[in-house]
Structure formats: structure tokens, C-alpha cells
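S.K.: I have a structure here, written as C-alpha cells, and I will follow up with some questions on it.
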Amino acid sequence: MPLTDSAPGKGQAILVRALMSCSLIFMASAIAQTTVSVESLTERINRNSDDAQLYIKRGDLYFGQRDFFDAVEDYTTAIELNPDADQAYFGRGMALARQGLISDGIADLTVFIKRNPDSSLAYTKRGVRYMWKQDFKNAEKDLERALELNPDNAEAHDDLGVVYAKRQAYAQAIDHFSATIRLDPSYQKGYHNLALSLYITGQDDQALVVVNQALALNPNHKDALLLKSNILEDLGRYEEAALLKEDAEFLPEKNWTESISVE
């Protein structure tokens, strides 16, 4: 929801695989328009090809379908029709980064932020993209600003926790992951990251409680099952750990929508 760590210690292999993940909240406009189809918007665009808002709406739908190329095309057309279409810059910034054009995505999100300096969401999304570039200094600045604007931003707490975990500042990471699940009890990745941080810091009993909460939200999440297996092994419950690991190995990899790679 991507890094080079020092010599791995307890739990570092799992940290490399799972902790450096960043969440994505699908754009609200795309979710709100689930009853609108690409086809119906295309028909409307054909009748009114100068309406920038129609291209933005269709771009949002393409983004929600993970068709990032067509999303970028529509957002770009919207910007050409109306350079003041802030939401098109936001959407294109999101989609470009998902295509691997992270710097271009950051540039578009920066335009949006300059015009909308009170957007906690925009700072969060730009912060995530800085994380993808392993620019954790700017990521931290953006995520802290996101929380200044909205202390109840669960996603920003989770992502800032990842930044602290990367530095091995686990006490601060745990504080932010705890805030994430307090603010949004359905945030599965927050539970996983909290459990992982507790495990790495030797708090196995607490880690087991939290990873079970993560698995209650998604019983077949491979990384969470493997984490639980490691925790059980540390607790001396070797048989349970081995069985759980065997079961988990047959599950497909399930990554959160936004993640940064670890090298």
C-alpha cells in the first residue's frame, strides 16, 4: 500500500513484503457514479464534446476500472477544454502515477494542491507517491500536513505509520496504525501493519490479537496468515504455525491497491 533496509532482524523479511504498503481510497466521484456506465457517458460526450465535466466523469469511471491509460486520456482532454478543471488534474495525477509515471503524477497533484491547499486527501495521495519514489522526507511532510488539515484522516495515519516504520521508529508507527483502526475499524491494512509492528518489537501476544482482527476482516489474506504463522512460532506454538503457513502458501498474493516496492 519498495526500500532498502539495514541487515534484516526479526520480522524484517515480512516488513519488506508487507509493511511498506499504502492504501488507496477510490475516488469518491467514481464510487458515487456506479450507476453511470462508460457507454452512457460516451453517448453524452458524442452529443456534447466540449463538456470537460463529462470527460472527468468518464475518466473517474476508467480509473475505478483500473483502465489508467484511458483515464489519463480523458483527464487530459478535460484540461485542454478547461484548464481550470482542478478535478482533472487530481484524477490525472492519480492515474499517471499508477502507470509508473510517478513524477508526472506528483506534478499534477501539486497543481491541484496549489489551487486547493486545504485538501487533506490530495496531500495524502501526493505523500503516497513520494513514498513510491522512496522520497520519505517529502512524504512525511505531506502526510503530516494532511493530518493537520484533518486529524481524522485514517489513510494518512496509516501511511505516516509506514514512513516511521521504514525508519524503524516503531513506537511512532504503532501510534499512527492504532489511530487508523480507531478511526476506521474496517481498515484491514491498518490492523496488519499494527500487528507487524508489534511483532517486530517483540510484543507477540498483542500482535496475535491484532492480526486476528485483520483476518476477521479478510480470512484469506496471505500476508496476514503468514504473519500469524510467524507470531505463533515465536510463541512456541509450532504445530499451529506450520499448519497455518502450509495453508497460506496455497493462497494467491493479495496486495493492497497502492503499495511501494521494497528492494
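S.K.: Peptides 200-207, 221-228, 119-126: what's the order by average Cβ count within 10 Å, highest mean first?
M.R.: Packing proxy ranking, top to bottom: 119-126, 221-228, 200-207.
S.K.: Tell me, what HN-Hα J-couplings in whole Hz come from the Karplus equation 6.51 cos²θ - 1.76 cosθ + 1.60 at θ = phi - 60° for each residue of the stretch 184-196, using x for Gly and Pro?
M.R.: Coupling constants for the stretch 184-196: 9, x, 9, 7, 4, 5, x, 4, 4, 5, 5, 4, 5 Hz.
S.K.: Let me see the P(r) profile for the stretch 118-176: every Cα-Cα distance counted, bins of 10 Å, each bin given as a percent of all pairs.
M.R.: 30, 57, 13, 0
S.K.: Debye calculation, C-alpha points only, no solvent: report log10 I(q)/I(0) for the stretch 104-257 at q = 0.14 Å⁻¹, in the same order as the q values.
M.R.: -0.71
S.K.: Moving on. Quick one: Phe136, Phe177, fewest Cβ neighbours within 10 Å first, how do they rank?
M.R.: The most exposed by this proxy come first: Phe136, Phe177.
S.K.: Going through the cross-link list Lys166/Lys222; Lys189/Lys245; Lys57/Lys222; Lys57/Lys137; Lys141/Lys245; Lys166/Lys228, which pairs have a Cα-Cα distance over 28 Å in this structure?
M.R.: Over 28 Å Cα-Cα: Lys57/Lys222; Lys57/Lys137; Lys141/Lys245.
S.K.: Shifting gears a bit: Where the eigenvalues come from the Cα gyration tensor of the stretch 37-105, what are the semi-axes √(5λ) of the equivalent ellipsoid, largest first, in whole Å?
M.R.: 19, 14, 7
S.K.: Test of understanding: ordering Val36, Val211, Val72, Val111 by Cβ neighbours within 10 Å, fewest first, what list do you get?
M.R.: The fewest-first ordering by Cβ neighbours comes to Val36, Val111, Val72, Val211.
S.K.: So how far, in whole Å, is the C-alpha centre of the stretch 47-98 from the one of the stretch 168-227?
M.R.: Rounded to whole Å, the Cα centres lie 36 Å apart.
None of the figures in this text is laboratory data; all of them are computed from the coordinates on show. A quick note: this is a predicted structure, and the numbers were derived from the prediction, not measured. Because the Cβ atoms are built from the backbone with ideal geometry, glycine has one as well, and the counts that use them run over all protein chains shown.
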